[in-house]
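Contents: one structure, followed by commentary.
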Amino acid sequence: MGRNRRGNVHVVPAGASGRFVARVAGERAPFTAPTTQGLAIRAAIKEARVRKCEVVIHRGDGRIRDSDSYGGDSPRVRDMKH
């Protein structure tokens, strides 16, 4: 999948190590090495801005913790978080 595709970027647990990785939905391999959740989120946001898509942040147990959009929204949509 190329960088111009619109797959959302997910920050997910990297096994039982307590580390996290960032990966694009539909792609097999993550694009970050296992790291802290904060660093994985920063990398995911950078990639989401390029792709103009959404970042979905998961908890250590895999449940969704938060998400935010980085482009492609209708001009009528108001960001209520920031």
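Each reported figure results from applying straightforward, stated rules to the coordinates on display, with no laboratory input. On a predicted model such as this, the values are computed, not experimentally measured, just so you know. All Cβ positions, even for glycine, are placed from backbone atoms using ideal geometry, and neighbour counts span all protein chains on display.
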**Asked** Taking the Cβ of residue 55 as the center, what net charge do the other residues with Cβ under 9 Å away carry, scoring Lys and Arg +1 and Asp and Glu -1?
**Response** -4
**Prompt:** By how many nm would the segment from residue 49 to residue 27 grow when fully extended, if each residue of separation counts as 0.36 nm and the alpha-carbon distance is taken off?
**Reply:** 6.2 nm
